[in-house]
């Protein structure tokens with residue numbers, strides 16, 4: 001059986017049966033995204049390694065809790081990662097600088113663009129699509145979403161940081177997500193028509 | 001479910017999906033989601049969008065060791081046997097057990113080094129003993145040579161003495177040479193046969209000569225002419241003898257003298273006279 005051809009959902013079923021090889025394939029597919037998210041949110045290679053391991057350990061131990069009908073596996077895995085990172089942020093009460101690439105620690109972990117597997121290319125394209133969509137959002141909405149998602153700030157903290165009323169922040173988040181969804185749909189439709 | 005709560009939750013679904021709620025607000029939303037299908041649908045849609053934001057993060061590659069460590073932890077959780085988990089690779093095992101590996105590598109080297117040093121020392125000792133033995137052998141050989149020479153000389157002395165005795169018993173003429181020279185210790189005889197043309201001079205207590213000197217016999221005629229009659233040396237006991245031959249009877253000469261000459265002999269006497277006898 002060629003594990004590389006199996007879908008995420010099929011692999012998760014196998015992981016639920018303690019299939020190490022299935023976990024290995026899922027790790028190869030998503031470890032880079034999970035790790036990168038960890039670095040962006042926590043700003044440290046060591047912390048990112050820790051939450052990456054935690055995410056896949058959680059997958060190994062709790063594969064049975066994933067329900068394909070409730071959403072994509074990648075969303076489920078990133079949700080685990082994101083929640084874990086937020087817990088870490090709030091536990092340490094510090095902000096992560098997710099935009100600095102001058103950090104010498106982070107330099108070593110930058111992926112080599114000339115040495116990528118096919119799956120990496122697909123997620124790279126997806127990532128570029130989402131990044132493009134994010135950039136199309138109005139600045140205020142994009143900032144609110146980034147502060148919440150990548151910095152782990154609560155809406156109250158974002159309100160204080162931006163000096164905007166709490167209600168305004170809630171609205172920016174809601175409208176931003178809605179806008180982001182429609183942009184992504186629009187981009188996907190453009191890709192499909194091409 | 002009240003409309004107020006529902007409306008309030010709807011406002012909170014976006015920050016809920018972004019993880020931006022305080023704990024008590026999050027609990028309220030989750031409780032409402034159990035009951036409200038509409039809000040569950042919105043929450044799932046928001047979650048999918050938000051986590052696609054996460055997918056935009058792929059700039060950083062995790063280290064290879066991370067996967068190894070992950071599966072090592074899974075081995076521990078799963079209670080797998082150590083032999084199976086060792087398949088993860090030799091290098092991590094070496095890093096974990098570096099002191100044991102270092103000891104395992106260094107200890108035999110130390111032992112071998114000690115053995116080599118011990119053997120080298122033994123070789124040195126054997127070589128030293130061999131050198132000493134060589135010196136002993138050399139000394140013994142030298143002593144053996146000296147002994148052989150001594151035996152040879154003693155043998156010659158005995159032969160000479162036998163010859164002298166033979167002459168003494170058969171000589172027609174005998175001349176005692178005691179007190180015929182400066183040395184009072186000197187003694188001996190001159191023997192001749194009946195014709196006098198052959199004789200033997202046997203002398204005792206001759207002084208030792210240097211290796212470049214010898215005793216030379218001269219026959220002095222009545223007219224003063226001096227004729228050399230042969231040379232000889234003494235043995236270790238100071239004995240010397242020589243067979244003399246002449247065209248005319250020896251006792252036809254006026255006298256016989258013995259001098260010390262440089263080897264192999266002289267045309268005429270040049271050295272000191274040891275003794276002289278008149279016929």
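Nothing in this text is a laboratory measurement; each read-out follows from the coordinates by a stated rule. Treat the numbers as computed from the prediction; the structure is a model and nothing was measured. Every residue, glycine as well, gets a Cβ built from its backbone with ideal geometry; the counts of neighbours run over all protein chains shown.
Taking only alpha carbon atoms, the protein assembly as shown gives an Rg to Rh ratio of 1.89, where Rh is the Kirkwood radius. Inter-chain Cβ neighbour count for A:171-177, averaged per residue, equals 6 (cutoff 10 Å, partner chain atoms only). Shielding value for B:6-16 is 4, the average number of Cβ atoms from other chains within 10 Å of each residue's Cβ. When the helices of chain B are scored as -39500 (n - 2.57) per DSSP H run of n ≥ 4 and the total is divided over every residue, the value at 222 nm lands at -18000 deg cm²/dmol. Peptide B:64-76 has a mean of 4 when you count, residue by residue, the C-beta atoms of other protein chains within 10 Å of its C-beta. To the nearest ten degrees, helix B:98-170 and the longest principal axis of the Cα atoms of chain B are 10 degrees apart. To the nearest ten degrees, helix B:3-18 and the longest principal axis of the Cα atoms of chain B are 20 degrees apart. Take each peptide in B:110-121, B:186-197, count the other Cβ atoms within 10 Å of every residue, and average; sorted highest first, the result is B:186-197, B:110-121.
In chain B, the longest principal axis of the Cα atoms and the axis of helix B:64-78 are about 70 degrees apart. With the highest mean first, a sort of the peptides B:60-68, A:32-40, B:168-176 on other beta-carbon atoms found within 10 angstrom per residue produces A:32-40, B:60-68, B:168-176. Between residue A:182 and residue B:267, with labels modelled 7 Å along Cα→Cβ, what's the label distance in nm to one decimal, could you check? It is 15.2 nm. Is the range B:153-279 rounded, prolate or oblate when judged by the Cα gyration tensor, a ≥ b ≥ c being the square roots of its eigenvalues, rounded requiring a/c under 1.5 and prolate requiring a/b larger than b/c? The shape class here is oblate.
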